[in-house]
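The values are calculated or read from the model by the stated rules, or taken from the named source; none is laboratory data. Here the structure is a predicted model, which means the values were calculated and not measured. For neighbour counting, all protein chains shown are included, and Cβ atoms are generated from backbone atoms with ideal geometry for every residue, glycine included.
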Amino acid sequence: MRKKLKIALIGFGAIILILVLIGAYFFYQFNSETKVMHPAETGNIVDNIYSIKDAFVNMYLIKDGNQYIAIDAGKDIEVVSAELKKLNIDENNVVAVFLTHTDMDHVAALPLFRNAKIYFSRNEVLMLTGQKQKVPFMSNSISRKDYTLLDNNQTLNIGNTKIFCILTEGHTSGSMCYQVNSKYLFTGDILSLNAGKLGTSVKFFDLDHEMANKSISKITKLPDVEYIFSAHHGYTNDYKNAVKDWKE
Ligand SMILES: [Zn+2]
């Protein structure tokens with residue numbers, strides 16, 4: 001009896017140890033990957049476009065008259081709220097939020113935008129239902145149940161702002177880029193920007209890294225784009241130079 005108990009205890013200890021080691025591995029990878037990210041500072045960065053810095057991630061706002069359209073919703077609702085105050089932007093004037101995807105560092109401040117309609121890609125629903133998961137037993141979730149699903153190549157007009165949707169799956173099942181008023185491209189997490197050049201997404205955070213790489217090709221031949229706004233690596237005002245050397 002004692003021997004059985006001993007074996008059970010050793011087995012239990014081994015499982016705990018494995019779980020701790022897996023946790024430590026994820027913690028280490030997460031920290032080292034986010035440490036090298038370089039989002040833009042909070043501010044009015046270009047024309048009518050504002051960035052909000054929330055630790056290692058940016059969300060963006062597009063001003064359209066008295067209203068705003070958000071691209072993503074940050075990782076911490078308190079930080080987003082405080083940064084909006086610095087910019088003198090009333091969260092009640094945000095009328096739409098377009099999510100590039102539903103990872104937790106892109107959706108946290110959704111409850112703040114109570115007057116906004118929420119949009120994201122139809123394929124992203126798989127991340128919410130758990131049919132697609134990056135880590136076993138962990139699905140994405142968002143605070144709103146009323147949302148509008150978008151299809152590849154769909155165009156929407158909100159106020160005077162035109163938004164063209166480009167499905168760029170890989171980082172998540174339904175990652176989507178938004179081309180706003182032809183010249184501004186918001187890419188979420190499907191790519192990185194380093195010294196003004198396109199780079200791949202971060203493999204550790206991808207659902208399917210190879211597919212994410214293939215998706216980048218979809219946004220390298222857009223004739224009217226001038227700016228790229230990434231979620232974790234700032235932005236560039238020289239699209240042509242950024243995509244020039246990209247190899248599929
Ligand atoms: Zn992200």
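General remarks:
- When residues of the stretch 92-134 are limited to those that are charged (D, E, K, R) and surrounded by 19 or more Cβ atoms within 10 Å (Cβ to Cβ), the one nearest to V180 (Cα to Cα): E124
- Residue within the stretch 217-227 that is in a helix (DSSP H, G or I) and either touching a Pro at 6+ places or on another chain (Cβ under 9 Å) or hydroxyl-bearing (S, T, Y) (or both) present: yes
- Out of D72, D64, D47, one residue alone is in the same structural domain as L191 (by TED's automatic domain parsing), at pLDDT 90 or above and within 22 Å of D238 (Cβ to Cβ). It is D47.
- Scanning the stretch 232-243 for residues that are assigned to a helix (DSSP H, G or I) and in contact (Cβ under 8 Å) with a residue 24 or more places away in the chain yields Y239, N241, A242, V243.
- Qualifying residue in the stretch 225-236 (condition: within 16 Å of the ligand (Cβ to nearest atom), farther than 22 Å from M37 by Cβ and not basic (K, R)): no
- Residue count for the stretch 199-248 under the criterion of being among the basic types (K, R) and in contact with a strand residue (DSSP E or B) (Cβ under 7 Å, 6 or more places away or on another chain): the result is 1.
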